[in-house]
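The values are calculated or read from the model by the stated rules, or taken from the named source; none is laboratory data. Predicted, not measured: the structure shown is a model, and the values here were computed from it. Here Cβ is always computed from backbone atoms with ideal geometry, including for glycine, and neighbour counts include all displayed protein chains. Surface areas here come from the heavy atoms of the whole protein model, side chains and all, with no ligands, DNA or RNA. Shrake-Rupley method; radii C 1.70, N 1.55, O 1.52, S 1.80 Å.
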Amino acid sequence: MEQQILLGLFIGILCLIFMIMKTKIHTFLALIIATILVGLIGGVEYSKIIESITKGFGGTLGSIGIIIGFGVMMGQLFEVSGAAKKMALTFLKIFGKGREELAMAITGFLVSIPIFCDSGFVILTPLLKAISKETKKSIVSLGLALATGLVITHSLVPPTPGPVGVAGIFGVNVSSIILWGIVIAAPMMMASLLFAKFSGNKIWQIPTEDGGWTRDRNYIYKGEQEKVFDEDSLPSTFLAFSPIVVPILLILLGTISKTMSLTGKMIDFIQFVGTPVLAVGIGLILTIYGLAKNMDRKSMMEEVETGIKSAGTIILITGAGGAFGILIRDSGVGDIIANSLVETSLPAILLPFVIATLVRFVQGSGTVAMITAASITAPIIAKLDVNPVFAALAACIGSLFFSYFNDSFFWVINRSIGITEGKEQLRLYSIASTVAWAVGIVVLLIVNMIFG
């Protein structure tokens, strides 16, 4: 029986990867089909297969579906309001001349908490070009700093759908993922920033007046340049930052009060509003009545609907991932693999990291990689002496490995900063994402050693 269920898991995973890569089958359907295959080949009773799918799908979404919905609605309004550009300009003023890369990295770090990294980069590309023209700094260093800042929090910090989904599959508190995600993401951003500056020195390139690019360091602009600090149509600094900062502070206060075992009516209320669902909901209300206050009702509803559409896909994939994981748990294959791992020298926390890394390299999508890794490993990790929060973050970090031609964000970045040669593309963002990946797992292992 053990060999049969292991064979079922092996064939199910192979079929899942094949369907995602080579067929027209959507990831959601691919996960459901793979779940059924694991059960059928593994000899699980028909009724239990269906029971596991429905239980896993509903149980996973019951904990995180609302957060994903609130998060993408907030992100859509954040995107169209100009808040991302306002944040970038604020950091440029704070850090001053000569620290533009740091300003862009921190901007990306915060902007990608509510916004998908692809959208954030596209929105801020005109600002990147304007800074490059004004300062004569390479668009490569500025672009990589922004891109890595964006992708790191996109991969590690809720309410971005990927890490929220992983939290749901592992059954851990989203607030723990947010707080530990930020702690681990900070050194990842700084390491990537150093690589961005190094790359900008190696490949110096700036925009030209006719919309092209030049590597001629003697190039002189003849016309009037776009003003970097044109903020007339943008929201205030307070309104731009509050939808992100307020929910994080509420969650932080709620978590600290629980950890310190404080009591009282006020403490109860703080813990109530500090739950991730309510905190993100408050962030959404601040976005609606702050950032989107000048939009008419019809326009705002259209933007919200756009966000909801994107949420639907992520919710379905996450639910299907939960179903896959529950079937593995109910079939007993998780116990078999867990017992085998105990006998090896491989740290169990590396299992979700390795699987996410492999899936990411094969099919390109970071979100699919982390959810697939979580689906496979959550039932196994539950049987081992591993902090599930750190295991969940290991899956998230693994999804950052070596972005290349099968990753849409790879193309967004290279097209936007004018890098067209394949060798240079692989030397820049592909390496930058791998730097973040490598630093991330080292930091996580250290954190796990101390707090795990």
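The table that follows gives values for the structure above.
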| read-out | value |
| --- | --- |
| For Ile94: the one exception among (1) part of a loop (DSSP other than H, G, I, E, B); (2) open to solvent by 10 Å² or more (accessible area, probe 1.4 Å); (3) β-branched (Val, Ile, Thr) | (1) |
| Number of the exception - Ile178 against (1) part of a loop (DSSP other than H, G, I, E, B); (2) open to solvent by less than 40 Å² (accessible area, probe 1.4 Å) | (1) |
| Identity of the residue in the stretch 46-92, within 23 Å of the chain's Cα centre (by Cα) and of a type in the set (S, T, N, Q), that ends up farthest from Ile317 (Cα to Cα) | Ser81 |
| Residues within the stretch 330-350 that are open to solvent by 30 Å² or more (accessible area, probe 1.4 Å) and at pLDDT 80 or above, tallied | 3 |
| Residues that are of a type in the set (S, T, N, Q), in contact with a strand residue (DSSP E or B) (Cβ under 8 Å, 6 or more places away or on another chain) and either under 30 Å from Val277 (Cβ atoms) or assigned to a helix (DSSP H, G or I) (or both), drawn from the stretch 131-150 | Ser132 |
| Count of the stretch 330-351 residues which are in a loop (DSSP other than H, G, I, E, B), under 27 Å from the mean Cα position of the chain (by Cα) and in contact (Cβ under 8 Å) with a residue 24 or more places away in the chain | 3 |
| Tally of residues being open to solvent by less than 40 Å² (accessible area, probe 1.4 Å), closer than 24 Å to Gly162 by Cα and modelled with pLDDT of 85 or more across the stretch 294-313 | 1 |
| Selection within the stretch 120-150 - closer than 25 Å to Phe78 by Cβ and either charged (D, E, K, R) or out of contact with any helix residue (DSSP H, G or I) (no Cβ under 7 Å at 6 or more places or on another chain) (or both) | Pro126, Lys129, Ala130 |
| One residue from Thr153, Thr125 being in a helix (DSSP H, G or I) and open to solvent by 10 Å² or more (accessible area, probe 1.4 Å) | Thr125 |
| Options Leu252, Leu262; residue that is at pLDDT below 90, hydrophobic (A, V, I, L, M, F, W, C), under 24 Å from the mean Cα position of the chain (by Cα) and more than 21 Å from Ser138 (Cβ to Cβ) | Leu252 |
| Some residue of the stretch 55-74 being more than 30 Å from Ile326 (Cβ to Cβ) and open to solvent by 20 Å² or more (accessible area, probe 1.4 Å) | no |
| Residues (modelled with pLDDT of 90 or more and open to solvent by 10 Å² or more (accessible area, probe 1.4 Å)) located in the stretch 373-388 | Ala378, Val386, Asn387, Pro388 |
| Residue in the stretch 352-371 that is in contact with a Cys (Cβ under 6 Å, 6 or more places away or on another chain), in contact (Cβ under 8 Å) with a residue 60 or more places away in the chain and closer than 18 Å to Thr60 by Cα present | yes |
| Residue match in the stretch 219-237 (condition: within 22 Å of Thr107 (Cβ to Cβ) and outside any loop (DSSP other than H, G, I, E, B)) | yes |
| Residue within the stretch 12-32 that is at pLDDT 90 or above, out of contact with any helix residue (DSSP H, G or I) (no Cβ under 7 Å at 6 or more places or on another chain) and open to solvent by 70 Å² or more (accessible area, probe 1.4 Å) present | yes |
| Filter result (part of a helix (DSSP H, G or I) and more than 27 Å from Val183 (Cα to Cα)) within the stretch 411-437 | Trp411, Val412, Asn414, Arg415, Ser416, Gly422, Lys423, Glu424, Gln425, Leu426, Arg427 |
| The listed residue being under 13 Å from Ile419 (Cα atoms), open to solvent by less than 40 Å² (accessible area, probe 1.4 Å), of a type outside the set (Ser, Thr, Tyr) and touching an Asp or Glu at 6+ places or on another chain (Cβ under 8 Å), out of Gly200, Gly212 | Gly200 |
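Residue by residue, here is whether (1) loosely packed, with under 11 Cβ neighbours inside 10 Å; (2) not polar (S, T, N, Q) holds:
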| residue | (1), (2) |
| --- | --- |
| Ile220 | yes, yes |
| Thr259 | yes, no |
| Thr263 | yes, no |
| Leu286 | no, yes |
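Conditions (1) over 19 Å from Gly75 (Cα atoms); (2) part of a helix (DSSP H, G or I), marked per residue:
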site: Leu102; (1), (2): yes, yes
site: Val164; (1), (2): no, yes
site: Ile184; (1), (2): yes, yes
site: Glu209; (1), (2): yes, no
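Let's see how each residue does on (1) open to solvent by less than 10 Å² (accessible area, probe 1.4 Å); (2) closer than 20 Å to Leu9 by Cβ; (3) part of a loop (DSSP other than H, G, I, E, B); (4) at pLDDT below 90:
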residue	(1), (2), (3), (4)
Thr357	no, yes, no, no
Val362	no, yes, no, yes
Val368	no, yes, no, yes
Ile371	yes, yes, no, no
Phe390	yes, no, no, no
Phe405	no, no, yes, yes
Val439	no, no, no, no
Val442	no, no, no, no
Ile446	no, no, no, no
